[in-house]
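**Student:** The structure under discussion is supplied below as structure tokens; questions concerning it will follow.
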Amino acid sequence: MKRNVGILAVIAAAIAVLILAGTAFAQDGGVSVSDGSAEDGESGDVTIDVTNVGDPGLGAWTIDISYDSDLLTAVDCGAEQGGVCNENFSDNEVRITGASAGGLDDDTSLGSITFECDGEGESDLTISLSVFADATIGNPQDLDPSTSNGTFTCGAEVAGPTDLPPTGTSFVSDGGSSSLSWFIALFAVIGVLGLAASYGVVRLRQ
């Protein structure tokens, strides 16, 4: 009996640990930067999003996004939730920072970045958190969220339909073969008309 009670106690303790771990993860939440793409010489946007931060919500954040400056140029950025954004924070980093007295406890976007492609290839978009704290009044607590990095792909301009033949162009390259095809079609039509005429004659005779 005592052995069974001991086993049950261990199981209960394990369940409690799992529940607490899950609660802690939900409290800390996650930060992600979306993937983006553009043609060489063109620009595209990515967003910085935060999810699953529990009560009392996200109170302060400073997030840096690093990128390959040989391939990309950050040409603009915009902050949400009352924050500010600096696309020229360094040669290869964009910084977005802000604070919320009431706490952000819903999934939300913290801002967006516009990158311009200076070539062809793929650049990692890597998140670095300088500040990420909850909105506890008088004693903000540091959070340890999961992070999900993104990528930005720069490709060549999409080729137009220049390789397709012009409208009305014959797919038969040999002029003799084309003429032969017309003759065959003509004789086929004559043959069909001849059969129709013969059939009509037979019907008249009947």
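**Student:** Does Ser69 qualify as being more than 18 Å from the chain's Cα centre (by Cα) and at pLDDT below 95?
**Tutor:** Answer is no for this residue.
**Student:** Then there's this: Pairs under 7 Å by beta carbon, first residue within 18 Å of Ser66 (Cα to Cα) in segment 38-55, partner in a strand (DSSP E or B) and charged (D, E, K, R), six or more apart or different chains?
**Tutor:** Between residues of segment 38-55 that are within 18 Å of Ser66 (Cα to Cα) and residues that are in a strand (DSSP E or B) and charged (D, E, K, R), the close pairs are Ser43/Glu116.
**Student:** Mind checking whether some residue in segment 116-133 is over 17 Å from Gly30 (Cα atoms) and aromatic (Phe, Trp, Tyr)?
**Tutor:** Scanning segment 116-133, I find no residue that is over 17 Å from Gly30 (Cα atoms) and aromatic (Phe, Trp, Tyr), so the answer is no.
**Student:** Next up: Tell me, please, whether a residue that is surrounded by 15 or more Cβ atoms within 10 Å (Cβ to Cβ) and either in contact with a Leu (Cβ under 9 Å, 6 or more places away or on another chain) or in a loop (DSSP other than H, G, I, E, B) (or both) can be found in segment 156-163.
**Tutor:** Looking for residues that are surrounded by 15 or more Cβ atoms within 10 Å (Cβ to Cβ) and either in contact with a Leu (Cβ under 9 Å, 6 or more places away or on another chain) or in a loop (DSSP other than H, G, I, E, B) (or both), one finds none in segment 156-163, hence no.
**Student:** Out of segment 104-124, which residues are crowded, with 20+ Cβ neighbours inside 10 Å and over 23 Å from the mean Cα position of the chain (by Cα)?
**Tutor:** Once the filter is applied, which keeps residues that are crowded, with 20+ Cβ neighbours inside 10 Å and over 23 Å from the mean Cα position of the chain (by Cα), segment 104-124 yields only Leu104.
**Student:** Starting from residues that are buried (at least 17 other Cβ atoms within 10 Å of the Cβ) and among the hydroxyl-bearing types (Ser, Thr, Tyr), keep the ones in segment 74-103 and report whichever is nearest to Ala133 (Cα to Cα).
**Tutor:** Ser100
The values are calculated or read from the model by the stated rules, or taken from the named source; none is laboratory data. Being a predicted model, the structure only gives us computed values, none of them experimental. Please note: Cβ atoms are built from the backbone with ideal geometry, for glycine as well, and neighbour counts cover all protein chains shown.
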